[in-house]
Amino acid sequence: DTEVTQTPKHLVMGMTNKKSLKCEQHMGHRAMYWYKQKAKKPPELMFVYSYEKLSINESVPSRFSPECPNSSLLNLHLHALQPEDSALYLCASSQDYGGSSYEQYFGPGTRLTVT
Amino acid sequence: GNSVTQMEGPVTLSEEAFLTINCTYTATGYPSLFWYVQYPGEGLQLLLKATKADDKGSNKGFEATYRKETTSFHLEKGSVQVSDSAVYFCALTPPNTGGFKTIFGAGTRLFVKA
């Protein structure tokens with residue numbers, strides 16, 4: 001199974017709402033990522049978890065809160081978002097820390113619209 | 001610093017034409033190099049990779065060779081199909097960063113006409 005799944009596929013939320021994005025993989029990967037992708041742009045790294053510990057936070061605003069409950073699951077909690085946060089949010093996973101040659105496996109993304 | 005530069009798109013080709021998408025990079029040491037493809041409405045998929053100089057990555061008729069002397073990793077395909085229409089991202093992962101920080105190029109959109 002080389003699949004990364006993400007739910008929901010689409011999400012519309014108001015600026016005062018709280019919602020969560022979910023990501024799951026069963027490839028035994030120990031590194032998991034959140035990216036943000038705006039239209040016609042490459043993905044921008046937000047967070048990296050390695051062995052369920054937050055390894056990288058790319059200075060993301062606190063209205064985005066990641067969580068890694070176990071090695072297969074990754075959540076992104078959203079609160080008080082702004083319209084400019086509307087984007088495609090991609091989850092990815094890769095084999096564990098140890099080298100630069102490991103490719104990332106991406107999920108299909110959650111299309112988020114903030115109204 | 002580390003960076004990836006791709007040719008600007010969109011690239012429009014007729015079916016069965018030859019494809020080249022240029023990619024050059026700047027990095028210290030020996031990064032790993034990747035091509036990812038993103039079909040409409042989907043996430044990114046690895047297309048091919050190369051981890052050391054002179055390595056050739058290949059998949060689904062696409063090829064790219066890691067050229068250290070020209071710091072390039074150009075993507076080629078001999079005969080494109082309509083189904084190859086997508087956005088192609090060249091990317092690198094620098095050494096000594098744990099492999100977590102992938103640097104993506106801006107992406108090149110390919111349209112293939114029947």
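The values are calculated or read from the model by the stated rules, or taken from the named source; none is laboratory data. Bear in mind that the values here come from a model prediction, so they are computed numbers and not experimental data. Backbone-built Cβ (ideal geometry, glycine too); neighbour counts: all protein chains shown.
Go through A:E58, A:E67 for me and flag whichever is acidic (D, E), facing chain B (nearest Cβ under 10 Å) and without any contact (Cβ under 8 Å) to a residue 24 or more places away in the chain. Reasoning before the result, please.
Numbers: A:E67 fails: facing chain B (nearest Cβ under 10 Å).
Exactly one of A:E58, A:E67 is acidic (D, E), facing chain B (nearest Cβ under 10 Å) and without any contact (Cβ under 8 Å) to a residue 24 or more places away in the chain, namely A:E58.
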May I ask you to list the residues in the range B:47-78 that are surrounded by fewer than 17 Cβ atoms within 10 Å (Cβ to Cβ) and closer than 23 Å to A:A92 by Cα? B:S58, B:N59, B:K60
Picking from A:S94, A:S62, A:S71, the residue that is touching a strand residue (DSSP E or B) at 6+ places or on another chain (Cβ under 8 Å) and on the phi < 0 side of the Ramachandran plot would be A:S94
Determine which member of the set B:V82, B:V87 is modelled with pLDDT of 95 or more and over 24 Å from A:Y33 (Cβ atoms). B:V82
Within the range A:1-48, restricting attention to residues that are touching a Lys or Arg at 6+ places or on another chain (Cβ under 9 Å) and either assigned to a loop (DSSP other than H, G, I, E, B) or hydroxyl-bearing (S, T, Y) (or both), which residue is surrounded by the most Cβ atoms within 10 Å (Cβ to Cβ)? A:P43
Conditions first: (1) more than 25 Å from B:A106 (Cα to Cα); (2) modelled with pLDDT of 95 or more; (3) touching a Cys at 6+ places or on another chain (Cβ under 8 Å). A:E52 passes all but one, so which condition is the exception? (2)
Only one residue in B:G57, B:G9 is modelled with pLDDT of 95 or more, in contact with a Leu (Cβ under 8 Å, 6 or more places away or on another chain) and of a type in the set (G, A, S). Which one? B:G57
Checklist (1) within 10 Å of the chain's Cα centre (by Cα); (2) farther than 28 Å from A:A39 by Cβ; (3) within 14 Å of chain A (Cβ to nearest Cβ) applied to B:G29, failing item: (1)
Evaluate the range B:60-79: report whether one residue or more is over 23 Å from A:F106 (Cα atoms) and of a type in the set (A, V, I, L, M, F, W, C). no
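Quick test for you: out of B:Q45, B:Q38, pick the one residue that is within 12 Å of the chain's Cα centre (by Cα) and either more than 13 Å from chain A (Cβ to nearest Cβ) or free of Cβ contacts under 8 Å to residues at least 24 places away in the same chain (or both). Don't jump to the end; show me each part of the working.
On the way: B:Q38 fails: either more than 13 Å from chain A (Cβ to nearest Cβ) or free of Cβ contacts under 8 Å to residues at least 24 places away in the same chain (or both).
Testing whether each residue is within 12 Å of the chain's Cα centre (by Cα) and either more than 13 Å from chain A (Cβ to nearest Cβ) or free of Cβ contacts under 8 Å to residues at least 24 places away in the same chain (or both) leaves just B:Q45.
So, B:K113, is that one away from chain A (no Cβ under 14 Å), in contact (Cβ under 8 Å) with a residue 60 or more places away in the chain and among the basic types (K, R) or not? Lay out the reasoning, then the answer.
Details: away from chain A (no Cβ under 14 Å): yes; in contact (Cβ under 8 Å) with a residue 60 or more places away in the chain: yes; among the basic types (K, R): yes.
Yes: the conditions hold for B:K113.
Can you find a residue in the range A:88-109 that is assigned to a loop (DSSP other than H, G, I, E, B) and more than 10 Å from chain B (Cβ to nearest Cβ)? Please lay out each step first, then the result.
Initially, the range A:88-109 is screened for residues assigned to a loop (DSSP other than H, G, I, E, B), giving A:95-104, A:107-109.
Checking the rest, the ones that are also more than 10 Å from chain B (Cβ to nearest Cβ) come to none.
No, the range A:88-109 contains no residue that is assigned to a loop (DSSP other than H, G, I, E, B) and more than 10 Å from chain B (Cβ to nearest Cβ).
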